[in-house]
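Reviewing the structure listed below.
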Amino acid sequence: MRCCKCNAEIPDGSKFCMECGAKQDVLQKCPSCGAEGLPLEAKFCPNCGKSLKQESTIKQPVAPADVRDLFFPIQGITLGKTTKDDAKRLGKKVELNLDNEYAFHAKCEEICDGYISESGPTFCLKNRSYVANQMSFMSPKYDYPEEWTERLGLSPDSTRSEWISFFRKYGFSVKETHYDSGFFKNTDFVDAISKDKHLHFELLFLSSTNKLGQLTADYQ
């Protein structure tokens, strides 16, 4: 735009001229045709008739059609899709756990002398469905899914408020509960349920650190 007094070229939207100091009364420029000298209160361009309101170029996050695509697969495993046979084909060691449910770890790494190191989240095939429908981990430092750091922008050090903001951004309903007695003394629970009601997260945070302590995800 140009100064209304000295006609010097000045940045669009300037309130004062950088050359002569004159106050500028016209601060709008049409984003469609480039017409200058339009009053601030104008809503449409008198030259081309287009709206003077510039559309935001910032894309708002949109949840995928299947909300699971935000979080999975993890090491090739997706809740509600991966079967017991699929897990075995991926090289997972599928065994019955203490609750008499089939379970396996996301990672199985062969170590020397035949010892198998297992790490990452634990997946359970509940209700004898032979489909993985629960994932959990109790040690974020060691078992946090590597894929989530880049995919979600969250890490084991992310705070409770950062997790809550993420869930709400993608349409999850969120409920917070604080416990100050018993086994869960000084802990905060966050329950997040997807809009389609199929994916449910339960996260535990230690009040003293405000960091993730454990996480469970169920798909129904």
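Just one residue in the set 81, 59 is more than 25 Å from residue 139 (Cβ to Cβ), at pLDDT 85 or above and either open to solvent by less than 30 Å² (accessible area, probe 1.4 Å) or part of a loop (DSSP other than H, G, I, E, B) (or both); that residue is 81. On inspection, residue 123 qualifies as open to solvent by less than 40 Å² (accessible area, probe 1.4 Å) and either over 26 Å from residue 65 (Cβ atoms) or modelled with pLDDT of 90 or more (or both).
Taking the options 46, 73, name whichever one is at pLDDT 85 or above, under 24 Å from the mean Cα position of the chain (by Cα), open to solvent by 50 Å² or more (accessible area, probe 1.4 Å) and not hydrophobic (A, V, I, L, M, F, W, C). Full working, then the answer.
On the way: 46 fails: under 24 Å from the mean Cα position of the chain (by Cα).
Going through 46, 73 in turn, the sole match is 73.
The sole residue among 38, 98 that is open to solvent by 60 Å² or more (accessible area, probe 1.4 Å) and at pLDDT below 90 is 98.
Does region 186-205 contain at least one residue that is in a strand (DSSP E or B), open to solvent by 80 Å² or more (accessible area, probe 1.4 Å), without any contact (Cβ under 8 Å) to a residue 60 or more places away in the chain and hydroxyl-bearing (Ser, Thr, Tyr)? Checked region 186-205: no residue is in a strand (DSSP E or B), open to solvent by 80 Å² or more (accessible area, probe 1.4 Å), without any contact (Cβ under 8 Å) to a residue 60 or more places away in the chain and hydroxyl-bearing (Ser, Thr, Tyr). Test residue 104 against the criterion of being at pLDDT 85 or above and either touching an Asp or Glu at 6+ places or on another chain (Cβ under 7 Å) or open to solvent by less than 60 Å² (accessible area, probe 1.4 Å) (or both), and give yes or no. When the stated conditions are applied, residue 104 passes them. The C-beta contact set for region 140-151 (first residue under 15 Å from residue 211 (Cβ atoms) and open to solvent by less than 70 Å² (accessible area, probe 1.4 Å), second residue modelled with pLDDT of 90 or more and assigned to a helix (DSSP H, G or I), distance under 8 angstrom, 6+ apart or interchain) is empty.
The values are calculated or read from the model by the stated rules, or taken from the named source; none is laboratory data. Quantities reported herein were computed from a predicted structural model and do not represent experimental measurements. Positions of Cβ are backbone-derived with ideal geometry, glycine not excepted, and every protein chain shown enters the neighbour counts. Calculation scope for accessible area: heavy atoms of the full protein, side chains included, ligands and nucleic acids excluded. Shrake-Rupley method; radii C 1.70, N 1.55, O 1.52, S 1.80 Å.
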